[in-house]
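Working notes, structure below.
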Amino acid sequence: MNDKIDWKKYLIVFLITISLFLTAGYLSNYFSDQKINQIKLIQDNIAINILSSETQFSLLQELSCKNVSGSLLSSELDELGRKLEWGQKNLGDTEEVSYLKKYYSLLQIKDYLLMKKISQSCKVKSAFILYFYTTAENCSLCERESFVLSSLREKYPELRVYSFDYSIDLSAVKAMLQIYKIKDTELPALVLDDELLTGFHSIEDLEEGLLKSFKLQEAKPEGDTKTGS
Amino acid sequence: MSNMVLNPNIIFYVLIFFSVYVQVFFLVTFFENRRKIIVRNNKIKITKYPAVTIVVPCWNEEATVYKTVCSLLNLNYPKDKLKIFLIDDGSTDGTWNAINKFSHYPNIKLFKKENGGKYTALNLGLLHTETDFFGGLDADSFVDPESLVRIMSYFEKDPSAMAVAPSVVVYNPKNLIQNAQKAEYHMGVYMKKMLSFLGAINVTPGPLTIFRKKVFNDLGPYRHGHNTEDMEIAYRMQKNNYKIEHCNDAFVFTSTPGTIKKLYRQRLRWIYGFINNTIDYRDVLFRKKYGNFALFTLPTGIVSILAVSYLFGQIVYDLGDFLYSKIIQVRTVGWHFTAESINPDFFFLDTHSALFLVVFIYSFVIFAIIFGRKMAEGKWSFSPNIFYFLIIFRILAPFWFLKAIYNTILKRKPSWR
């Protein structure tokens, strides 16, 4: 009764299914591209902001610290960081994403240098943590350290955390690794006030260091004025 | 194409591919045959009214059997051409008393036997059947008055039809679970019709499938069939190239499980039956001489079992991963709520190609339910039952699928209810 099997139909259905797959792939690509473009846009925006702040700072020197706006950048860098992290996880570790990540690392370093300069010259209460992690291998301590850092950042808005992938192929990051003598066996690694901390550090550990750093800043200006006068 | 998303999970995409393939296959079949789908709303006449025997096996069905028999007596079919056998399969409740009320009807015969399972009751009926047509009716189901004559019209039209299955729909749904099943049964009507066009039906449902008696003379009586005798006989018929038709406008209303536990047991039995009957008839699989049944129906069932199990495994894994990460977070920094989640950003919406494929599949399923309903109720409409079905079955189905696989591995047989 089943007569002959309609092979043509099996083939047509196969072709329709393939075309649905291609459509899905196309849609997915389209949205991925949109997201990549969004990341690029944010990055360009940040690059302009940093450049502008830098220029503004050079122009005004220490004349008017009031006009130097740094707090703007921080939240944008945060957002960029989160989107890049998500992108790496969900859009695949493509060339484009890793390129964006390099760019992001560079922006972070620039922001770090600029903010450090601003905070020293303008006596802004601030603290900086350089955070080195790895994605090359399963690093459960890095995961925990990230939680610590993000909750610290929420508690202390003056704290700026810059995170770098240890395995990133970027000479600027490699230079920092050399400066602070960070080895891949000691990840996660943190640099707080030029002091290297390796392995996992709890919220309490870091809080102590942070408060010390804030105190130093409060004490320092007086000392500076004394030597100056 | 530089950032073409390549998920390393090949199994996942293979399963999605087959799932889409199956749905497209149904849809193409639909567009090929849509003109042949006839829904008759009025009373019809056929030239000859062949005698039919309908067997009602009862096991502890005192609550519904009276109504079931009444629905049979209300059939728009000559009374002298309709023989009804009521078979008490060793009930321990008042079933025997309930069916005794019909003892004075000339066309009703009562039988009482020791409990041996539904297939033994059907076989007892077969043994006493003298008509050319034979059918069963579960004692928890009620037939539409026009159902039998519509079924018989298929036999009249097509002498090669050996069995004709009705459209089974949900009787009087009261709660969420039954309403979800209502949508599911509508999808079943659609799929069964499509399978009939393909000559590939794999179940001749217990409620009111009518057979030519010749089927049993040639192929032998009902078998246990892993508690799904209505599936086993369909497999046997397909193996012997006996044609099974579906009369989409013959309606049978069936009582459906009203609790998750009962639904679980019923489905466990069905899926277990599918797996084990397929194992028993594995020599049919992928053999082109057995037609679309071997190349489409059975592989579809196998793919759905694999897909449901795999997706469930993945969800459990993802959930475990998420919880593990949360636990680590809580243990590291304590409870704290981030403001990020409050402000939704389109950026973080998943746009993997799998997402779109799943959307395609769901669209096909929703179409199937809506069209099935059109065939069953004669109206185009959209009901929230579709969502109850999609959500409830999405959550529950993996449990009976996995348990059925587990039971098969252990060769443990699930009980009837």
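The values are calculated or read from the model by the stated rules, or taken from the named source; none is laboratory data. On a predicted model such as this, the values are computed, not experimentally measured, just so you know. In this analysis, Cβ positions are derived from the backbone assuming ideal geometry, glycine residues included, and neighbour counts consider all displayed protein chains. Note: areas computed on protein heavy atoms with side chains; ligands, DNA, RNA excluded. Shrake-Rupley method; radii C 1.70, N 1.55, O 1.52, S 1.80 Å.
List of remarks:
- Members of the range A:3-55 that are closer than 19 Å to B:V22 by Cα and not in a helix (DSSP H, G or I): A:I5, A:D6
- Scanning the range A:97-152 for residues that are within 14 Å of chain B (Cβ to nearest Cβ), open to solvent by 70 Å² or more (accessible area, probe 1.4 Å) and free of Cβ contacts under 8 Å to residues at least 40 places away in the same chain yields a count of 2.
- Scan of the range B:87-130 for residues that are assigned to a loop (DSSP other than H, G, I, E, B), buried (at least 17 other Cβ atoms within 10 Å of the Cβ) and under 29 Å from the mean Cα position of the chain (by Cα), ordered by number: B:G90, B:S91, B:G117, B:T129
- Cβ separations smaller than 6 Å between residues 6+ apart or across chains give the following pairs from the range B:42-59 residues that are within 18 Å of B:A165 (Cβ to Cβ) and touching a residue at least 24 places away in the same chain (Cβ under 8 Å) to residues that are part of a strand (DSSP E or B) and open to solvent by 40 Å² or more (accessible area, probe 1.4 Å): B:T53/B:K83.
- So B:Y324, is it assigned to a helix (DSSP H, G or I), more than 21 Å from B:L198 (Cβ to Cβ), at pLDDT 85 or above and within 14 Å of chain A (Cβ to nearest Cβ): yes
- Hits in the range B:286-315 (condition: more than 11 Å from B:S19 (Cα to Cα), in contact with a Pro (Cβ under 9 Å, 6 or more places away or on another chain) and more than 14 Å from chain A (Cβ to nearest Cβ)): B:S309, B:L311, B:F312, B:G313, B:I315
Here is a yes/no grid of residues against (1) more than 25 Å from B:N175 (Cβ to Cβ); (2) open to solvent by less than 40 Å² (accessible area, probe 1.4 Å); (3) touching a residue at least 24 places away in the same chain (Cβ under 8 Å); (4) of a type in the set (A, V, I, L, M):
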| position | (1), (2), (3), (4) |
| --- | --- |
| B:D350 | yes, no, no, no |
| B:S353 | yes, yes, yes, no |
| B:F360 | yes, no, yes, no |
| B:I386 | no, yes, yes, yes |
| B:I395 | no, no, no, yes |
| B:P398 | no, yes, yes, no |
| B:F401 | no, yes, yes, no |
| B:I405 | yes, no, yes, yes |
| B:L410 | yes, no, no, yes |
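- Evaluating B:Y77 against the criteria (1) surrounded by 17 or more Cβ atoms within 10 Å (Cβ to Cβ); (2) in contact (Cβ under 8 Å) with a residue 60 or more places away in the chain; (3) under 26 Å from the mean Cα position of the chain (by Cα) leaves one unmet condition, (3).
- Residues that are modelled with pLDDT of 80 or more, open to solvent by 30 Å² or more (accessible area, probe 1.4 Å) and part of a helix (DSSP H, G or I) do occur in the range A:177-192.
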